[in-house]
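Novice: Structure incoming, see below.
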Amino acid sequence: MLKLNYPGLKCAIVGEAMLITEAPFTLRKWTVKEYQKLGEIGFFHPEERVELISGNILKMSAKGTAHTSATRRTATLLRDILENLAAVYTQDPIALDDNSEPEPDIAVVRIDPLDYATHHPTPSEVYLIIEVADTSLAYDREIKAKIYARSGIADYWILNVNERQLHVFREPTEDGYQSEIILGESASISPLQFPAFNIAIQQMLPPIILN
């Protein structure tokens, strides 16, 4: 292996291939304030779905019919069950920290008299976050689970519409969730903050259409 050193760039030649081992650049991270300012000045297309995760502006994938159905069914179910005990928002921003403002598919949050007109819900105001996964399971399990755990979100669910399962994450730490259980569609679950209510997972999922 031959090592080459150029100003600002380190690389090595292995056979006929050149491998860059150190580049003179890093990704530019964004803060929540900067991200919000971009939205205010119309930087993003009105129909473009983006979110800020760990300082990175990420474009969200298009929503399939199963994803949309599951989100709608789950939100309706939670509103019917919880009534005036909590607010249920769909795909609205959550203010985790200075570098992350995700828009989870469903967030169950503390009721605010001003309906969060002055700020987005913060971790201390969040009871439950649910992401619906059709093509995003790995992203929701690895990337989003880490930022939610780091922010202290105590109850995080991923509704896997393809496998018809619910992934339940609890016991958050700086390094991630210490507990993950996977429940099948025949099971039921109670939100951590509302143990008196039992939710059938099958009711959260899109109905099976028989041909």
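Novice: Six or more apart or on different chains, Cβ under 7 Å: which pairs go from a residue in region 101-122 that's within 21 Å of TRP30 (Cα to Cα) to one that's among the aromatic types (Phe, Trp, Tyr) and not in a loop (DSSP other than H, G, I, E, B)? Could you list them?
Specialist: Matching pairs, first to second residue: GLU101/TYR35.
Novice: Could you list, in sequence order, all residues of region 166-175 that are assigned to a strand (DSSP E or B), in contact (Cβ under 8 Å) with a residue 24 or more places away in the chain and open to solvent by 40 Å² or more (accessible area, probe 1.4 Å)?
Specialist: Once the filter is applied, which keeps residues that are assigned to a strand (DSSP E or B), in contact (Cβ under 8 Å) with a residue 24 or more places away in the chain and open to solvent by 40 Å² or more (accessible area, probe 1.4 Å), region 166-175 yields PRO172, THR173.
Novice: Restricting to region 73-96, name every residue that is in contact (Cβ under 8 Å) with a residue 12 or more places away in the chain and closer than 22 Å to PRO206 by Cα.
Specialist: ARG73, THR74, ALA75, LEU77, LEU78, ILE81, LEU82, VAL88, TYR89, THR90, GLN91, ASP92
Novice: Give the residue that is least open to solvent (accessible area, probe 1.4 Å), with candidates limited to residues of region 184-211 that are touching a helix residue (DSSP H, G or I) at 6+ places or on another chain (Cβ under 6 Å) and free of Cβ contacts under 8 Å to residues at least 40 places away in the same chain.
Specialist: ALA187
Novice: Is it the case, given these coordinates, that TYR156 is within 20 Å of ALA86 (Cα to Cα), crowded, with 19+ Cβ neighbours inside 10 Å, aromatic (Phe, Trp, Tyr) and touching a strand residue (DSSP E or B) at 6+ places or on another chain (Cβ under 7 Å)?
Specialist: yes
Novice: Looking at (1) open to solvent by 50 Å² or more (accessible area, probe 1.4 Å); (2) modelled with pLDDT of 60 or more; (3) over 30 Å from LEU166 (Cα atoms), which is the only condition PHE44 fails?
Specialist: The failed condition is (1).
Novice: Taking the stated definitions as given, is GLU142 modelled with pLDDT of 95 or more and among the charged types (D, E, K, R)?
Specialist: Spelling it out, it is not the case that GLU142 is modelled with pLDDT of 95 or more and among the charged types (D, E, K, R).
Novice: Pick out, from region 46-104, the strands (runs of 3 or more DSSP E) lying fully within it that include 1 or more residues that are among the polar types (S, T, N, Q).
Specialist: 56-59, 87-90
Novice: Mind counting the residues in region 137-178 that are out of contact with any Asp or Glu (no Cβ under 9 Å at 6 or more places or on another chain) and of a type in the set (Val, Ile, Thr)?
Specialist: Total meeting the criteria: 3.
Novice: Quick check on this structure: which one of ILE153, ILE181, ILE143 is over 15 Å from ILE106 (Cα atoms) and outside any strand (DSSP E or B)?
Specialist: Being over 15 Å from ILE106 (Cα atoms) and outside any strand (DSSP E or B) holds for just one of ILE153, ILE181, ILE143, which is ILE143.
Novice: Report, by residue number, each residue of region 132-151 that is open to solvent by 40 Å² or more (accessible area, probe 1.4 Å) and either over 15 Å from GLU171 (Cα atoms) or among the small types (Gly, Ala, Ser) (or both).
Specialist: THR135, LEU137, ALA138, TYR139, GLU142, ILE143
Novice: Something else about it: Go through (1) without any contact (Cβ under 8 Å) to a residue 24 or more places away in the chain; (2) out of contact with any strand residue (DSSP E or B) (no Cβ under 7 Å at 6 or more places or on another chain) one by one and return the number of the condition SER136 breaks.
Specialist: Here SER136 clears every test but (1).
Novice: Then there's this: TYR177 - would you say it is aromatic (Phe, Trp, Tyr) and at pLDDT below 95?
Specialist: Considered against the rule, which asks whether it is aromatic (Phe, Trp, Tyr) and at pLDDT below 95, TYR177 comes out as no.
The values are calculated or read from the model by the stated rules, or taken from the named source; none is laboratory data. Given the structure is predicted, the values throughout are model-derived calculations rather than measurements. Virtual Cβ from ideal backbone geometry, glycine too; neighbours counted across all protein chains shown. Just the protein is used for accessible areas: all its heavy atoms, side chains included, with ligands, DNA and RNA removed. Shrake-Rupley method; radii C 1.70, N 1.55, O 1.52, S 1.80 Å.
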